[in-house]
Every structure is written in C-alpha cells, then in structure tokens.
Amino acid sequence: DTTAPAGSDALTPVTVGVIPIADTAPLYLGLDQGFFEDEGLDLTIETATGGAAIVPAVVSGDYQFGFSNLVSLMVANDKGLPLKVVNSAVASTGDVTSDFGAVIVKGDSPVETLADLDGKTVSGNSLNNIVDTVMRASIDRLGGDSSSISFVEVPFPDASAAVENGQVDAAFVVEPFVTAAIESGQRVISYGYADFDVNLDVAAYFSSAATVDGDPELVTKFQAAMKKSLEYAQANPDAVRAIIATYTKTPPEVLAKIVLPKFPTEFNVDAVTALGEAALKYGVVETAPDVSTFLP
Amino acid sequence: MSPLKRIAYFVGLPIVLIVLWYALSFGSTNFFVPKPIELAQTLWTTWIGDRFFEDVLPSLGRLAVGLFFAIGLGIVLGLLIGSTRWLRNLLEPLLEFFRAIPPPVLVPLLMLLIGVNDSMKVAVIISGAIWPVLLNTVEGVRAVDSVLNDSCRSYGIAGFARIRYFVLPAVTPQIMAGVRQSLSIGLILMVISEMFASSSGLGFTIVQFQRNFAIPEMWSGIVVLGLIGLGLAIIFQFVERRVLHWYHGLKEITHDS
Amino acid sequence: MLSVRGLQKIYKVPGGEVEAVRDLTFDLAEGELVCLVGPSGSGKTTLLKCISGLMEQTSGTVELNGSKVTGPPKSMAVVFQEYGRSLFPWMTVRANVELPLKNQKVPKAERAALVDAALKSVGLDHVPKSYPWQLSGGMQQRVAIARAVAYRPQVLLMDEPFAAVDAQTRADLEDLIRTIWKQLGVTILFVTHDIDESVYLGERVIVLSSSPTVVQEDLKIDLPEERDQLNTRALPRFMELRSHVYAEIQRAKLGPVTEQITAQRRASLK
Amino acid sequence: MLSVRGLQKIYKVPGGEVEAVRDLTFDLAEGELVCLVGPSGSGKTTLLKCISGLMEQTSGTVELNGSKVTGPPKSMAVVFQEYGRSLFPWMTVRANVELPLKNQKVPKAERAALVDAALKSVGLDHVPKSYPWQLSGGMQQRVAIARAVAYRPQVLLMDEPFAAVDAQTRADLEDLIRTIWKQLGVTILFVTHDIDESVYLGERVIVLSSSPTVVQEDLKIDLPEERDQLNTRALPRFMELRSHVYAEIQRAKLGPVTEQITAQRRASLK
Amino acid sequence: MRKQRSAAAGPKAKALGLGIGGIILFFLIWEAAPRLGLVSDRYLPPASEVLARLGQYLTEAAFWKDVADTMTSWALGLFIATVAAIVVGLIIGSSRFLRRATHTTIEFLRPIPSVALIPLAVLIFGTSIESTLLLVVYASFWQVLLQLLYGIADVDAVANDTAKSYGLGRLARVRYVIWPTALPYLMTGLRLAAAVALILAITAELIIGTPGLGKQIALTQSGGAISSMYALVLATGMIGVLINLGARIIEKRVLSWHPSVRGEVVL
Ligand SMILES: Nc1ncnc2c1ncn2[C@@H]1O[C@H](COP(=O)(O)OP(=O)(O)OP(=O)(O)O)[C@@H](O)[C@H]1O
Ligand SMILES: Nc1ncnc2c1ncn2[C@@H]1O[C@H](COP(=O)(O)OP(=O)(O)OP(=O)(O)O)[C@@H](O)[C@H]1O
Ligand SMILES: O=[N+]([O-])[O-]
Ligand SMILES: [Mg+2]
Ligand SMILES: [Mg+2]
C-alpha cells in the first residue's frame, strides 16, 4: 500500500495521534467524509490515552500530527520542546450553563459555587494542567482562595465515584461523565471551561518543528482538511454523535444526551492569552507563551 | 574480600556503562534522551531539598508499610496455602485471577473500595508485591525435604512448632528469593499507586515531570528509583546474610567458581 | 506391645507398582530389643516407616499398645537411614538434639542435662555449636542417635544407625544402646546389615526375605543378658548364631523362589 | 602415581578454625589398592576431597602422575560418602550411571554395554528406569558404585561405599572391586570403617589418627593376591592383621596425645 | 489398571471442584456487594451483569481479535524475556566474578517501572508492537533472571562435586546439574513473569493505544461503559487463570522428579 500509483493523485500518508474522545470527532468525520483525501492525504488515526505516547511519537516523526490540550502544549513550549500548534480543535460551548466539562459535587453537598470550595479537596484528571488552571482562576475570580484547596489527581472515569463516596468534595469531569453524574443526582457547580471564558480553546492539533519547517505543504493540506472537518462537525451534531459511537464505548443512550463541545476553526486569541497568563500565575509554566508565535 | 576489591565490584560495571552511555549520547540532540552530566546536575537540583521531605520520604514510608504487609501476608498465606492442599485447590484459581489484573485497572477498584488515601496506595503496593513472596513460599513449602519432614513427624513436632522450627527455616531461602523480587516490584507499584488520586509523592512527581515534558527531571526521578532499589537490595543482602547464614555456609563449601 | 499383622506396602510409581513388602507378621513384647536384618531393598526402611506411622501401609495393621497406629505416636523415636538429611541444617548440633524436648515442653534445666548426657554418650560433647554440615558423616549420624536417645522414647526404631561410624565407636554405641535399653526399659527395633551386630545386640533377630518380602526367620538369641564386646563375641553360641543368620541372609538373597521350600523346611524342623 | 605430601586442611568456621587434617604424607603406586581407616571425624572425607581436587588444601601438595592436582582430574572417579546426595534426583538410575560416559563422548553402543554391565555387577539390572529416590538406601549406594565402575577411571576414590548394603551384597561387592582392580589395573583408595574389609581388600592399610590427623600406621597386607571370602578370612595371618588394625584404631581414638609415644614406639620397633 | 485410573481422577476432580467453588464464592460476594448497597452499582455493577456482558463479548469476533493481539504481545514478550533471562542467568550465575560485578547494575535497573519507559519506547519503536514488547520484556526479564540466580545458588554441593569429579566441564554441569536444580525456581519465575507480562501487555495497550484488550479497557473506561470494562477485566483475569493452568501442566511434566510434584510430603 506504500506503492501508491505515481502522479498527482497519489495520496500522502499522514498519521495523527489522538485521544478517542468526543473532542476528536471532527477528525474521524473528516476521514469519513473524505475531506483529507480531497486534500491528497491518506489519513491514519492512532489512539492513545494521553500525551505520554502521542508527544514522543510526534517528536520522532512517527506521527505527523497529534492532539493535545493547550496547557500541555504551553508547557512543552515552555520546556523548549520543538512542538508547533497547527490547528484549533475544540472549545467550550459559549454557554456558561451547559458545557462539556464541569465541576461536580454530591447532590446534598453544601457547596454551591466554586468560591465555597476553600479548604476542600478537588480532583482533576491531571494536575498542573488545564483543568486545575481554569478552576483556580475561576475560584480566585469569584473571591475564593485557590491556594487553600488541595487538588488531587483522579481520572475522569473514576471521579464521580470519588465524589459520591466523599473521597473528594468536588471533581472536574468531562462528557460523558458530566451527563452521567447529573443523572445520578450529582450537581454541577461550574462549567469549568466556559466559566473561564465562554469561548475557551481547550485543545489543539500540533506537529513537530521538523515537520512544520520541513514539509509546510503537508501542514497546509492538513489545516485545510481540518478546517472543513471542524466546520462540518460544528454544523452536523447528529453526525458527530453517530461517529463518536464508532470509536468510543459510550453507550448510545448516554451519547444521545451528552453536551457536545464547539469545534472552532479559529483560536480565540484573547482566551488563549488569558489561559497562558493563568498558567504562569499558578506556576504551571515559567513564562507565558507569546501567543503571536505560539498559535499558527 | 578486601574493601578495595569490594568497591571495585560495586562500581566497576556501572562506570563502564556510564562511559558507554556518555559516548553514545554525545552527539544526540533528542529531547527525550538523557545525557549523563546533565542528568547528574538535575539529580542534585531536583531531589535535594524540600522535595526529598515532601515527596520522597512519604513515598518511602508507604513503600515500607506496603512491603511489610506484602512480605508478612505472603509468608503467612504461603505457609497456609503451601501446606494445605484443599486450601491451595480452593484459592489458586482465584489468586491467579487477581494476579493477572493490571494495576491501572485495579487501582480504580481499590479506590472505590478503600478510598483516596494512603491505605489505598499501600493496598496497591501489597497487591503487586505479595506475589513473589507468596508463590515462592508455596513452592518452597511443597518441596520441603521428605526425610526432615519425617523426622519432625516422628518426634511429634507438629502445628506451630513444625512451622517455626522446620517449615519456615526450610523455606527461607526461597522466601528470600521472593522478597528480593518483591522489593523492586513494590517500588514499581509505589510509582503506579501515585499515578492515581494523588497530589504528591515520588511516583506522582515523576509522572508530573513526564507529562510536563521535564524530561531530564523525569530521568533523574528514575535514577532516584534505581538508587532506592539499590539501597533496598543492600539492606536486603545484609539481612539475608544474617538470616540465612547457615544456608550460605552449607552452600559455600564448594562454591568456588 | 507392638504388633505387625499382614503388613503389605505397594509403592505407586508412574506406569506401575512396586511391592516393597508383601506380608509381614511379628510382635515385639514390651521392653524387647529386636534386630531386623535382610537384603538391601527388602523393605526394612519401608517397614519402619509404616510402624512409625509415617507412611500408610497398603494392607495389614500395625498396633501399638493395642491401638492402631495411624500417625506418628508421640512415644516413639526414629533414627533414619538418611541421617544427613534428617538433621536440620539451620540448627546447631545442640539445637537439633534439643528440639524434640523443647517441643515436649521439657523444662530447660532438665533439657540441658538430657542433651548434654546424650551428646556425651555419643562422643560429641565437643561440637555442640557446630552445624550438622560442618560435621563428618559419622558425626552426623551420632547427632541423630543422640537426638533419639535424649528424647527417651518408649519405642525406638533405628535404621542402620551405625553405618557411618568406625569400628571402635560402633562397639561403644552398641554398648550404649544396650545400656539405655536396660536402664529405660525401652522397646527397640534395630535395623542393621552387620550380622555380628544383630546377634550381639538383639534378644531376637528377624530376618526378612528379599522382595516381595516376608519374614523368613524369627530367631531367639539365647545369649546371656550381660554382654561385652570381647567375651560375648567369643562365645561358641555367638558363632553358631551368627553363622545361622549369615546362612539365612544368603538364602534370603536367593529370593522368594526358594521361599516355599524354606517354609517347608522350617516346618519340618519344628 | 599418587603422592600426598604434608597435606593440611583447616576449615574456616564463623568464630574460629577447625583443623581437620594436620599433616598427611603417603604415596600410592600405580595399580595399588589401599584402604584407609580411621576414627569418625578424623578427616578421611576431607582427604579424599583434597586428593580429588574438589577442595583446596590449606597447605601441602597432592600430585597425580607427577603433576599437581588443582582441579578434578578427568581420569579419577569418586564414590561419595553421601551417596544419596551424589545421585541426581532428576535422572533415572540408568541416566545417572550413563552421564559421565556420555560426557566423555563414549559411543552409544559401548556406553550401553558399560552401563548394563555395571548395573548388573552391583545387582541393579532390574531397576534402570527407577529414580534414585524410589530406591532403598543400599540400592542408591550401589548406583553410585555402578557409576564409578562404568566410568573405568585410572584412579578410584571410594568413601565408605558399602556402608548401607547387607553383608552378603557387601561380600559380593568386595569381590567385584578386587576383580575390577585386577582386570583394569586401576589405582584404588578405599575408605572403610570395617576392619576386616580393609584387610581383606587392601594391599596396604593406612590408619589415620584422630583429629588433628596424621598417618598413624601404614601397614602392608601380606596376604596372597587371590582372595576369597571364606578362605582368606580364615587365614591366621588375616586374623593377625585385623587384630593389629583394630588395636591401631583403638589407639587412634585415644587421640594425638598418645601420638608422640606411638611414634617413638614405632621407631624403636624398627 | 482401572483402579489406578479412578484413584488418580478422584483427587483431580476434587481439586477442580474446590477451585471452581472458590471462584463461585468470589462471584457470589461480588454479586452481593452492589446488591446490598455496599458499593454503588453505578461504579461496580453486580457480577451477573458483568458476566452477561462478557458472554456477549465472547460471541464477538472483534473481542477475539483483541484477545489474540494481547496474547501475541504476551507470548512474544514472555518468550524473549525468558530466553534472554535464561541465557544471561546461566552465564552470570555460574561465575562468581560476574555475579559480583553485575550486582549493582541489576539491582539498579530492576526497580525501574516499565511504565516510565513508555516515552522512550515510543520514541524508539513508535506505537508499533515493538513498544509494547519492550515494556513486556523489560518487566518480565527480571522476574525470571532473579529466580534463576537463586536457583543456581541452590545447587547441592555433593551433586556438584560428583559432576566435577567425573570430569563434567562447566557447560556439562550447567546442563546436567545446575539447570535441573534451578528448574523449580525457574518455573516459579516463569509463573511470576507470565502474569507480569500479561499485565504489561495490557498496560502498554492501555497507555500507548496499540490494539488489544488494554486498548478496549481504556476505551470502555473513558466511555463510561462500566460493565464492559469489568467484563474485559474479568476476561483478563481468566486469561491469567488459564496461563497458570498451562504453567502447572508444564511444571508437572518437567518437574516430575521434584519433591513438590512427586511429594506425598505435605501434611
Ligand atoms: N518412594 C518409593 N517409590 C517406589 N519404590 C520405592 C520407594 N521407596 C522404596 N521403594 C522400593 O521398595 C523396596 C524396599 O525399599 P526399602 O527402602 O524399604 O528397602 P531397605 O530394606 O530399607 O533396603 P536398604 O537396606 O538398602 O536400605 C525397594 O525395592 C525400593 O526400590
Ligand atoms: N565444612 C566443614 N566446616 C567445618 N568443619 C568441617 C567441615 N567438614 C568437615 N569438618 C570437620 O573436619 C573433621 C574431619 O571431617 P571428615 O568429614 O573429613 O571426617 P571423616 O574422617 O570422613 O569422618 P567419618 O568417618 O565420620 O565420615 C571433622 O572434625 C569435621 O567436623
Ligand atoms: O514494570 N511495571 O511497570 O510493572
Ligand atoms: Mg533402608
Ligand atoms: Mg567421612
């Protein structure tokens, strides 16, 4: 299959490493709709549970592109890792009363807002990253004291149980666990991403500096295909739900109810700037990224 | 052996390997590949100071507790299971079942049952480190010398006395083989246990470094793990020499090669 | 006191069976000292293991003081043929001898006295702190004997206990056994390959046939009760008896084919 | 052929030293059959281990055919006192006997013949497929002997090889050893506790003193070369010799205190 | 003949019965815990539900493909690790010099968690099966090696002397004396390694995302399909039980002479 016929219609193979969650649905849709083929790309999607496997694969050139949350990319940038953001991927819904990421508490918890969490234990899937950064920022903005909170790591799938059993007072979770938590009687006290900024870019597609500099044409093609994919996804939520069912194990009845994120084609520069500053403020990075060079 | 020779044995191969590594990584610019000198500096700046007391020591504490229970339970259960056929038949499939379950999926379950606390992390350590001791003890008990066994029986040495004076000492060489394994597995599980529901600890910190692309720091953490493992091995050897002095005496008569 | 009736032992081995002992019947009266001789592989060790309750016989019964032996009786001590493997390598000589007494909760002072006496009687009072594997073969064997002696059992089973000791020590140990036997009134079943020894030691000598094993001969040793190495062995009756046993063993080695003839002959002699 | 000069062996034990052998000097000519007797713990096994190159002596030398022994020589076979542990439990009887030959790359057919003959000569041709732990003590010991015999060594060291076999088998094996010795011209050093055996078998008997060990007596056995169990043992000279050895051993047991006196006495006798 | 057969089948059947009994007991407890509300069935569904899901899985070709993928990494990894450990173990174990010289290095390398090597593995091998293999081999290698070293140290002095005195050279002694002595230890090492290899195969799939049961477990976890996840974990455990069964059968064959197998010793 590497011996594709020579000529203008030969497809360039491209591998993208992603996490198999709702956020990456546009990529699957784009493949399904032939957007990548249209751009002359033969797309392969590889999945992993997190950056631990995706980033080295992109650095080594095994994958040409990868999917990662923005704060991780800021940290990589801060550490001098030769990664480049190439495309927007997913953002909060623009609605502070319904988003795909939320801070949940037990149904009978006295906690009403983020400001009530002072001195409590709160979980996120990964610390010193986007989830605790946006929570800290919102807490401090609402007059709480984020430094009094002890954050612990609990993976999203286990967080609701930890809340229910009283092991943590509140937890940041994403879909499908937000819907599941609400259905089981737990309460949302904040839609974390949207509360930080109604239109917060949460994650992005990235590549290695070597690929961006060495094969700009490939990047352009990928960006073009991605743009079409994102637009298509944004316009066709039912198609998004349908495609998610093919690559995740979320039960269909849950899938029908989950809140989908927004799939923007452009970054919200102000929000990204604020996120970078928050990351600096809470010690996640040592220097805030220069957004003008950080974003494509 | 002269102390000088002892030191030469201790550091000889490591020095050779470090030199090799230095030579191989000399031209490398890869972000993920560590370099000896850089790593040594990072090791110093990263782990000496607060982090030692806030992350390393608590982790070591949990490790110690976990190993204590893993070894203790492993020996007690091993003696029971090894010497009671019906118990072995009853439990073996079940134990094998649990032994095969990867910690990353076991941890959430333990979290559910125990909670997000030190006990859970200790439980994770026990859940993995118990097996070498348990299996070795069971196998050792099953292989005790038949003539010695007959000697005990004929002198009416049974029950607890039999365990204490016969079975336990007879199995100790094999138990020690298991303990040696358990030490390093316990260390590995200490790291894994801190990858979930954690906010501090050696393992947590290493994972943070890895996730945050602090690659030299991550490698330095791994070196710390290796050094702790080495430390445990040295303590172990010291203890083993004492506990098993009869065994080494017995075996050393002709061990010339 | 000890009664063996129709004892049979068949070992199961992969792909077959080995009949080690076919049909053994004999009795030991309380306080008797009986020697057991028989060709190599005739089942002496097997018999001892069955008597001591360490192994289950295939058929037949062993009774001690009227009750069936199903497990090792407390009042019995065994000196194993594989003396080297019967000592605990992780214990000193002293601890090895002391262990059964400790297990019986014999008070410390008494225990010490018993152990000292036993070690002294086998000539090992100079090595109590050595480990068994630091001793010569003969010394190891004597530790095993000391352990049995210190235990002061009612019944003592000994499986070639002097195989590894020198002639002089052997003679001393023979006298030791007779002394203990007389002093403590212990019942002894003593396996040996030394025909002179069997006659010198025993009140009776039981000769086993070769495999499949039956009792070929049960001989009363009508020597005076007071025996000593020089005079007893020089008695004409001693010579007669040892020749008789020797002839029996030679006959035993010829195997069970001749067994029937023997039985007939024995019957006709009576 | 074999020359032992000033051999000393000191075992290091935690907290001290044990001088097992103090100063041994003797020679074995090519094709000699020498018996070694001595009290239990006098260092016979230690000596054999040094001669066979399995253990390093503390001082002194062992020379075989003029060259120093530093490791086990190929042409030497040893029958160990701990026969049970010298057999490999994971191999059948046959495989145990065959192994050294296989290792010497003896062709298969020849090997089979040698193994068969050896097993037959010790009376074990009926159990080649058994494992050692399925055999009686005496049978195990005979397997070890068969292994040494099948190997056809130049030098054969045997450490109480007949300790666990019955009188009749023992006599047969004694004759077997003499036959092999004569047929193959092998040099044999034979440790035994049986004084009659040492005299019956040996061309010379070396008596060791008790620990710290020296050669107490080196006795030529001037019996006719053709020996048989009935007649040889009945010879008056046999009786004389055995009494002499017996007296020596008794003297040996009295220990090195008397050694000086002995040496003086021996010197004065010459 | 017939008598012998039934005598042999008796204890075996009883052993099997007990083993199954143990498992049933476990499932009963598992069933009861969520039903009695000891844990919420949202987080730990009752056994029956999970078993039903597992039954469903068993009819799906995709599931068997995943099992095959995982078992391939497992078998290959275990094989490489075992062979490597045996070779290295026999070399190191039969020389005091090497034993001493390698001690520090081995003790240093052993406690390094395979999981920490994931970035390195991916960097070198990408996300192909080699990455998974590296982790599996690394983790299980030490288990076998260490057991083997202990086994070699357990060689009986008299047996070894015997071999030496009959002119068996180093290699011959390894083959005829050291190897059989170390074999029981090795078998324990293999059983330890077999489980570790399975754990690492699944963990690597879980994190790196190579196809197999681990990847499916990750998917069911992140998708909130809790019964499916437990069904897969159950499948994993069952594979572990089967592996052990296989190991026991091999053990019975190769260790028929060993007291642990031949033994009538036990109580
Ligand atoms: N565990 C076993 N499995 C199979 N056969 C055995 C076992 N133990 C003993 N035998 C066989 O039973 C027979 C009798 O053995 P036993 O050890 O009782 O003989 P013995 O009279 O003590 O001989 P020896 O004087 O040589 O010690 C022998 O043929 C032996 O091979
Ligand atoms: N490994 C050892 N460590 C310490 N001392 C030992 C060791 N082996 C032997 N000895 C001592 O050396 C002395 C001689 O032992 P050796 O086994 O050579 O005697 P032996 O003449 O063969 O006796 P036996 O006739 O009883 O077999 C004994 O006092 C014994 O305690
Ligand atoms: O090596 N392990 O990560 O188990
Ligand atoms: Mg016997
Ligand atoms: Mg000896």
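The values are calculated or read from the model by the stated rules, or taken from the named source; none is laboratory data. Quantities reported herein were computed from a predicted structural model and do not represent experimental measurements. Note that we place each Cβ from the backbone using ideal geometry, even for glycine, and neighbour counts take in every protein chain shown. Only protein heavy atoms, including side chains, enter the accessible area calculation; ligands, DNA and RNA are left aside. Shrake-Rupley method; radii C 1.70, N 1.55, O 1.52, S 1.80 Å.
Worth a mention:
- The Rg/Rh ratio of chain D, with Rg taken over Cα atoms and Rh as the Kirkwood radius over Cα pairs, comes to 0.97.
- Shape call, chain A: gyration tensor on alpha carbons, a/c limit 1.5: prolate
- Among beta bridges from DSSP that stay inside the protein assembly as shown, the antiparallel ones total about 55%.
- Neighbouring Cβ atoms from other chains, within 10 Å of the Cβ of residues in C:163-176, number 6 on average.
- Dipole orientation for chain C: of the candidates C:Asn103, C:Thr61, C:Met239, C:Asn103 has the Cα lying most toward the positive pole (charges on Cβ; Lys, Arg +1; Asp, Glu -1).
- Calculated [222 nm] ellipticity per residue, helices only, for chain A: -11500 deg cm²/dmol; basis is -39500 (n - 2.57) per DSSP H run with n ≥ 4, divided by all residues, nearest 500.
- Spacing of the modelled spin labels on D:Thr232 and C:Trp133, each 7 Å from Cα toward Cβ, amounts to 3.9 nm.
- Förster-model FRET efficiency, 60 Å R0, B:Glu38 and A:Asp95, C-beta, rounded to 0.05: 0.80
- Degrees between helix A:269-281 axis and first principal axis of chain A (Cα, 0 to 90, nearest 10): 60
- Percent antiparallel among DSSP beta bridges (both partners in segment A:56-195, rounded to 5): 55
- Long-range HN-HN contacts of D:Gly41 with modeled amide H, under 5 Å: C:Gly138, C:Met139
- In plain terms, chain E is cut at each of the GluC sites (Glu not before Pro) found in a DSSP loop with at most 15 other Cβ atoms within 10 Å, and the longest leftover piece is E:61-263.
- Contact order normalised by residue count of segment E:45-255, Cα under 8 Å, 6+ apart, percent: 29
- Peptides ranked, highest mean first, by Cβ atoms within 10 Å: ranges B:168-179, B:220-231: B:168-179, B:220-231
- Pairwise label distance in nanometres, D:Asn65 with D:Ala113, each label 7 Å out on the Cα-Cβ vector: 2.4
- Among C:243-251, A:273-281, C:219-227, the order from most to least packed when residues are scored by Cβ within 10 Å on average: A:273-281, C:243-251, C:219-227
- Most fluctuating residue given options C:Tyr131, C:Tyr11, C:Tyr83, as computed from a GNM of chain C linking Cα atoms under 10 Å: C:Tyr11
- From phi via Karplus (6.51, -1.76, 1.60), per-residue ³J(HN,Hα) for segment C:66-73 in Hz, x at Gly/Pro: x, 10, 4, 8, 10, x, x, x
- Nonlocal amide H pairs with D:Gln216, under 5 Å, H built at 1.01 Å: D:Val207, D:Leu208, D:Ser209
- Shielding of C:141-150 by partner chains, average beta-carbon count, 10 Å: 1
- Note on E:Leu245 and E:Thr105: the extension gain reaches 47.0 nm, defined as 0.36 nm multiplied by sequence separation minus the Cα-Cα distance.
- Largest to smallest accessible area among D:Phe238, E:Phe108 [probe 1.4 Å]: E:Phe108, D:Phe238
- Here chain A carries DSSP beta bridges of which approximately 55% are antiparallel, counting only pairs with both residues inside.
- For segment E:164-171, 3J(HN,Hα) computed residue by residue from phi via the Karplus equation (6.51, -1.76, 1.60; θ = phi - 60°) reads 4, 5, 8, x, 6, x, 4, 5 Hz, glycine and proline entered as x.
- Chain D, helix-only ellipticity at 222 nm - DSSP H runs n ≥ 4, -39,500 (n - 2.57), divided by all residues, nearest 500: -12500 deg cm²/dmol
- Across segment A:132-283, the relative contact order, built from alpha-carbon pairs under 8 Å that are at least six residues apart, equals 31 percent.
- Vicinal HN-Hα couplings computed from phi for segment C:214-219 (Karplus, 6.51 cos²θ - 1.76 cosθ + 1.60; Hz; Gly/Pro x): 9, 6, 8, 7, 10, 9
- When the listed pairs C:Lys74/C:Lys129; C:Lys108/C:Lys182; C:Lys12/C:Lys74; C:Lys220/D:Lys253 are checked against a 31 Å cut-off, the alpha-carbon distance exceeds it for C:Lys220/D:Lys253.
- Listed residues D:Val191, D:Val18, D:Val37, most fluctuating in chain D (Gaussian network, C-alpha, under 10 Å): D:Val18
- For the segment C:203-210, counting C-beta atoms of other chains within 10 Å of every residue's C-beta and taking the mean gives 0.
- At least 30 Å along the helix axis (C-alpha) and Kyte average at least 0.5, DSSP helices within chain B: B:3-25, B:57-83, B:118-142, B:168-193, B:215-243
- Average Cα contact separation per residue, segment C:96-193, under 8 Å, 6 or more apart, as relative contact order %: 29
- Given charges at beta-carbon only (K, R positive; D, E negative), |dipole| of chain A in Debye: 220
- Dipole moment magnitude, nearest 20 debye, chain D about Cα centre, only Lys, Arg, Asp, Glu C-beta charged: 620
- Closest-to-axis residue of chain C (Cβ criterion, axis taking C to D), whole Å: C:Ala163, 2
- Magnitude of the charge dipole, the protein assembly as shown, Cβ model with Lys/Arg +1 and Asp/Glu -1, debye to 20: 5820
- Here the sum of -39500 (n - 2.57) over DSSP H runs of 4 or more residues, divided by the residues of chain E, equals -27000 deg cm²/dmol at 222 nm, to the nearest 500.
- The H on the amide N of A:Leu83, modeled in the peptide plane, is under 5 Å from the matching H of A:Ala209, each at least 5 residues off or on a different chain.
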